[in-house]
4 protein chains.
Amino acid sequence: MDMDKVVVRFLEKRELKKPVMIVGLPGVGSIALLAAEHMISELKAKKFVEVYSEHLPARVFVDGDGVIRMVDNEFYYIKKGGYDLVVLTGDSQAQTQEGQYTMAEKIIEIARNMGVKRIITLGGYAVARLIEEPRIIGAGTSRKIVNEFRKYEVTFGEGEPGGGIVGASGLLLAIGKLKGIEGMCLMGETNGYIPDPFAAKKILQVLSNMFSLQMDYSALDEKAKQIESFTEQLKATSHRAKSDDTLRYIG
Amino acid sequence: MDMDKVVVRFLEKRELKKPVMIVGLPGVGSIALLAAEHMISELKAKKFVEVYSEHLPARVFVDGDGVIRMVDNEFYYIKKGGYDLVVLTGDSQAQTQEGQYTMAEKIIEIARNMGVKRIITLGGYAVARLIEEPRIIGAGTSRKIVNEFRKYEVTFGEGEPGGGIVGASGLLLAIGKLKGIEGMCLMGETNGYIPDPFAAKKILQVLSNMFSLQMDYSALDEKAKQIESFTEQLKATSHRAKSDDTLRYIG
Amino acid sequence: MDMDKVVVRFLEKRELKKPVMIVGLPGVGSIALLAAEHMISELKAKKFVEVYSEHLPARVFVDGDGVIRMVDNEFYYIKKGGYDLVVLTGDSQAQTQEGQYTMAEKIIEIARNMGVKRIITLGGYAVARLIEEPRIIGAGTSRKIVNEFRKYEVTFGEGEPGGGIVGASGLLLAIGKLKGIEGMCLMGETNGYIPDPFAAKKILQVLSNMFSLQMDYSALDEKAKQIESFTEQLKATSHRAKSDDTLRYIG
Amino acid sequence: MDMDKVVVRFLEKRELKKPVMIVGLPGVGSIALLAAEHMISELKAKKFVEVYSEHLPARVFVDGDGVIRMVDNEFYYIKKGGYDLVVLTGDSQAQTQEGQYTMAEKIIEIARNMGVKRIITLGGYAVARLIEEPRIIGAGTSRKIVNEFRKYEVTFGEGEPGGGIVGASGLLLAIGKLKGIEGMCLMGETNGYIPDPFAAKKILQVLSNMFSLQMDYSALDEKAKQIESFTEQLKATSHRAKSDDTLRYIG
């Protein structure tokens, strides 16, 4: 093992049938991470690969029993009828630009060895305006895949996302494309940087439709309610604070 | 392919006749970039090499059709009578000092393999004073090439540019010089950091004169007008803002 | 010698009997460092390995005679009856995330070559609330070692430490675990970032109990008194300063 | 040539007799740089090696003729009777900690190949108190060399410099020591970060005494006067500015 770049540890050697890889790593609004974790939990996905790297934070986590585990990225598989799903998630994206390239390339290498021909990366798309119903913005590796995804509730083009896609969601597609893997990025619209389970649910509904997945969303709905209630409290506190300030000035 | 450093992808293997390489990468006032893009568009230059690197931002762009492409540097060629031109442009320079060296060295290697014997890098030179007519400041790899360029509207020496040349424009020349390629940097004077199509036009006029190029400048003139109008508006808004503040204080 | 990564210099080739490695590097409250230095001094541990690295600060220290020495990490050994102890301490942890991984891996390699089967890393755990008696929080590489340590005054689980363990204390355990070395991190609770000799003493008492070590703590007690007296003075000065300010405003 | 790390270019292969290397790179108060440049100029030292590196800034300088040269470090030699002197100076130290180690190691390798057995690095030592006559503080690789230097006007020990020596001046000695080269750092006391030609002169006087060098110091004296006059003006302006402010408030 050489920690110098990226270490791949297989927990299980698993033959996969026409696997499609879905990537949900931490990012804007934690949308991708929430979606991936929900899929893993609801579809009882099984972890079979751990990826460690010097490009991830130098940190270990401690579980409820006091047992440590190193920060990593993890592959899970879900056995389906005609094809299998692979879900990639993790504690963190690479922490530097160079690390982003190195890890994306390694992950594409792993995916190719698994026989992955298509990658769907998930992400969040931060917009400043009020969102009634978050749209799912798409960006693909070719016109062909873009056209194929138009039949789902995915919006393309019209200059979105404006500044392109930063980080693993974009880079995995671009490097995959160079290696002959087609890909699509699905980004849920969100306001700012608090976790957005509602946008995660919207993305999962597209995936469910696409792959005929059976998922219950009550856990995500519950999280959404908790976050809403929490932000409401924050706003209230903030109003009170302002009132207090006003009083002080008046008094 | 190894993303570790720099990846070179040839779209076309092209024999070039005594090629001169012109480099216009993003930098001060976007002068070099504007000039390179204008040349490519006006002279119908053809892209034949793409360069990817971990030293460029970990970002992909999305086109109007929703199709992604990775941040890169690109070589274009223009077939001429006695000799050919190669234009190097791109989305970004390397993001770190070490990356600047690594990419410059790789680009010089590519240029040598193409048979390039002379490189002209373009750039901007930020000055604080009011510019009536931007001068083109030159810096070359030898007295010989400096003397040769004196016959064009290029200003040399007199302590300009003061702090030297930072980034790819200078480094490509210096590393090229070590490898036996002569070179010249042409820098358009500019005020500050907004795009300066007018300085880009001045540089292109020197190049047109030098290489007998036929270019129409109306697209650059139009951009110059747009930017002028935009900055005028900004100033007006800013004055209004100040007036408002004043009113508030007076009131 | 190649400074490129990590340089290991053996001062003495020493056969060790079933060595247990104890790691006390600079960190929160200097607890680990204070504990390691106290052990080395009290148990007359002997330095036998020096580790230099580009991942440590580019700095040399000058002793009272005007003689320099480079920043390093150092291994000491203590010969015991049934087994030996190895103490790792040093001037600094690696300065970058990538350096943390590289150095941790090298240190694990050295430890394995010494025959180390168990590592105990020491650390501080910063908490905001008032500490009457600092607890020792533990985190281990397996349930087995966690259970074994429950018989000492070590607290496990209950979501502590919250954000995991950052730096060498955690990484050495995680990389060691991948290499078949079991490990435990013992963290002393502390308030903020001033050196905390009292928490260091509490950790040493656990180690003394575990390894039947005979140590006198008067040097640590003395340091604790000095720091307490110093912080008292700081508070007093700070109060006076505030009073002075008040007087100035009033006057 | 490989710019990846450090590139060494010999302008002349020169046999040197028992060479002593003196290092004057940019640093605190520019003392080392001023001293090295003065030696080179006064003793008509001849440049014979250029060192380029990705660890130096990605910058080129332009001379009065408009000709570029890349940022570098440079070796000069001075032929003497019984032994030769080598002077190392340059535009910059390495810009990162890792670069400091890499360059220091390469420079020691070059020095060893030249037959260098002793290195004297120069530096500045910033102190907060008023300096009447700057002392020269020394730090050496062994008690032996420290004792040898006591016969010159060099102060040792007494906890100076407090935080050790940061950067190339210290690292070259430490890495040299590991490679069997003895060394000494001579640091001139200085106030703050403006160039201090007076402290540079004091260091040169120690070196002149040591190596029986004949140097005229009028150029350094002139620089010292210019800087003094400049700082006097700054103080005056600053006083005026304060008076103006006061007037404004009063008025």
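Just a yes or no: is a residue in the range D:66-84 crowded, with 19+ Cβ neighbours inside 10 Å, out of contact with any Leu (no Cβ under 9 Å at 6 or more places or on another chain) and within 14 Å of chain B (Cβ to nearest Cβ)?
Looking through the range D:66-84, at least one residue is crowded, with 19+ Cβ neighbours inside 10 Å, out of contact with any Leu (no Cβ under 9 Å at 6 or more places or on another chain) and within 14 Å of chain B (Cβ to nearest Cβ).
Residue under question is A:ALA139, and the condition is that it be touching a residue at least 60 places away in the same chain (Cβ under 8 Å), under 23 Å from A:ALA94 (Cβ atoms) and either at the interface with chain B (Cβ under 9 Å from one of its Cβ atoms) or of a type in the set (Ser, Thr, Tyr) (or both); does it hold?
So A:ALA139 fails the test.
Kindly provide the set of residues from the range D:158-174 that are of a type in the set (A, V, I, L, M, F, W, C) and more than 14 Å from D:MET21 (Cα to Cα), ordered by number.
Across the range D:158-174, the qualifying residues are D:ILE165, D:VAL166, D:LEU171, D:ALA174.
Out of the residues in the range B:1-22 that are within 14 Å of another protein chain (Cβ to nearest Cβ) and part of a loop (DSSP other than H, G, I, E, B), which is modelled with the lowest pLDDT?
B:MET1
Within the range A:43-54, count every residue that is more than 7 Å from every other protein chain (Cβ to nearest Cβ) and crowded, with 21+ Cβ neighbours inside 10 Å.
Counting residues in the range A:43-54 that are more than 7 Å from every other protein chain (Cβ to nearest Cβ) and crowded, with 21+ Cβ neighbours inside 10 Å gives 3.
Select from the range A:60-77 the residues that are in a strand (DSSP E or B) and at pLDDT below 95 and list them in ascending order.
none
Out of (1) within 20 Å of the chain's Cα centre (by Cα); (2) more than 8 Å from chain A (Cβ to nearest Cβ); (3) farther than 29 Å from A:LYS5 by Cα, what's the single condition that is false for C:GLY123?
Checking C:GLY123 against (1) within 20 Å of the chain's Cα centre (by Cα); (2) more than 8 Å from chain A (Cβ to nearest Cβ); (3) farther than 29 Å from A:LYS5 by Cα, the one that fails is (3).
All but one of (1) at the interface with another protein chain (Cβ under 9 Å from one of its Cβ atoms); (2) under 27 Å from B:GLY157 (Cα atoms); (3) part of a helix (DSSP H, G or I) hold for D:PRO57; state the number of the condition that does not hold.
That leaves (3) as the condition not met.
Considering only residues that are hydrophobic (A, V, I, L, M, F, W, C) and more than 9 Å from chain D (Cβ to nearest Cβ), look in the range B:155-183 and name the one that is surrounded by the fewest Cβ atoms within 10 Å (Cβ to Cβ).
B:ILE181
State all residues of the range A:85-99 that are over 12 Å from A:PRO26 (Cβ atoms), within 9 Å of chain C (Cβ to nearest Cβ) and of a type outside the set (Val, Ile, Thr); if no residue qualifies, say none.
A:GLY99
Considering each of C:ALA35, C:ALA94 in turn, give the residue that is small (Gly, Ala, Ser) and assigned to a loop (DSSP other than H, G, I, E, B).
Every option except C:ALA94 fails the conditions.
Would a scan of the range B:121-128 turn up a residue that is under 30 Å from A:GLY140 (Cβ atoms) and in contact with a strand residue (DSSP E or B) (Cβ under 7 Å, 6 or more places away or on another chain)?
No, the range B:121-128 contains no residue that is under 30 Å from A:GLY140 (Cβ atoms) and in contact with a strand residue (DSSP E or B) (Cβ under 7 Å, 6 or more places away or on another chain).
Can you spot a residue in the range C:31-38 that is charged (D, E, K, R) and within 9 Å of another protein chain (Cβ to nearest Cβ)?
Among the residues of the range C:31-38, not one is charged (D, E, K, R) and within 9 Å of another protein chain (Cβ to nearest Cβ), which makes the answer no.
It is to be established whether one or more residues within the range A:99-116 are hydroxyl-bearing (Ser, Thr, Tyr), on the phi < 0 side of the Ramachandran plot and assigned to a helix (DSSP H, G or I). Break it down stepwise before answering.
Going through the range A:99-116, the residues hydroxyl-bearing (Ser, Thr, Tyr) turn out to be A:101-102.
Restricting the remaining residues to those that are on the phi < 0 side of the Ramachandran plot gives A:101-102.
Applying the additional criterion that residues be assigned to a helix (DSSP H, G or I) yields A:101-102.
Looking through the range A:99-116, at least one residue is hydroxyl-bearing (Ser, Thr, Tyr), on the phi < 0 side of the Ramachandran plot and assigned to a helix (DSSP H, G or I).
For A:LEU43, state whether it is within 23 Å of B:ALA58 (Cβ to Cβ) and in the same structural domain as A:GLU109 (by TED's automatic domain parsing).
When the stated conditions are applied, A:LEU43 does not pass them.
Residue by residue, here is whether (1) in contact with a helix residue (DSSP H, G or I) (Cβ under 8 Å, 6 or more places away or on another chain); (2) over 26 Å from C:ILE137 (Cα atoms); (3) of a type in the set (Lys, Arg) holds:
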{"site": "C:GLU74", "(1), (2), (3)": "no, no, no"}
{"site": "C:GLN100", "(1), (2), (3)": "yes, no, no"}
{"site": "C:MET103", "(1), (2), (3)": "yes, no, no"}
{"site": "C:LYS106", "(1), (2), (3)": "no, yes, yes"}
{"site": "C:ASN113", "(1), (2), (3)": "no, yes, no"}
{"site": "C:ILE119", "(1), (2), (3)": "yes, no, no"}
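Of these, C:ILE107, C:ILE131, C:ILE145, which one is more than 8 Å from every other protein chain (Cβ to nearest Cβ) and buried (at least 23 other Cβ atoms within 10 Å of the Cβ)?
Working: C:ILE131 fails: buried (at least 23 other Cβ atoms within 10 Å of the Cβ); C:ILE145 fails: buried (at least 23 other Cβ atoms within 10 Å of the Cβ).
Going through C:ILE107, C:ILE131, C:ILE145 in turn, just one is more than 8 Å from every other protein chain (Cβ to nearest Cβ) and buried (at least 23 other Cβ atoms within 10 Å of the Cβ): C:ILE107.
Considering each of B:GLY140, B:GLY124, B:GLY164 in turn, give the residue that is within 26 Å of D:HIS55 (Cα to Cα), touching a Ser or Thr at 6+ places or on another chain (Cβ under 7 Å) and of a type in the set (Gly, Ala, Ser).
Numbers: B:GLY140 fails: touching a Ser or Thr at 6+ places or on another chain (Cβ under 7 Å); B:GLY164 fails: touching a Ser or Thr at 6+ places or on another chain (Cβ under 7 Å).
Step by step, each of B:GLY140, B:GLY124, B:GLY164 is checked, and only B:GLY124 is within 26 Å of D:HIS55 (Cα to Cα), touching a Ser or Thr at 6+ places or on another chain (Cβ under 7 Å) and of a type in the set (Gly, Ala, Ser).
Scan the range C:223-239 residue by residue and report those that are exposed (fewer than 11 other Cβ atoms within 10 Å of the Cβ) and of a type in the set (D, E, K, R).
Residues satisfying the conditions are C:GLU232, C:LYS235.
When you go through (1) touching a strand residue (DSSP E or B) at 6+ places or on another chain (Cβ under 8 Å); (2) within 20 Å of B:SER30 (Cβ to Cβ); (3) in contact (Cβ under 8 Å) with a residue 24 or more places away in the chain one by one for B:MET114, which number turns out not to apply?
(2)
For the range C:59-66, state whether one or more residues are out of contact with any strand residue (DSSP E or B) (no Cβ under 7 Å at 6 or more places or on another chain), of a type outside the set (Asp, Glu) and closer than 24 Å to C:LYS202 by Cβ.
Among the residues of the range C:59-66, not one is out of contact with any strand residue (DSSP E or B) (no Cβ under 7 Å at 6 or more places or on another chain), of a type outside the set (Asp, Glu) and closer than 24 Å to C:LYS202 by Cβ, which makes the answer no.
The values are calculated or read from the model by the stated rules, or taken from the named source; none is laboratory data. Just so you know, these numbers come straight off a predicted model, no measurement behind them. No Cβ is skipped: glycine too gets one built from the backbone with ideal geometry, and neighbour counts run over all protein chains shown.
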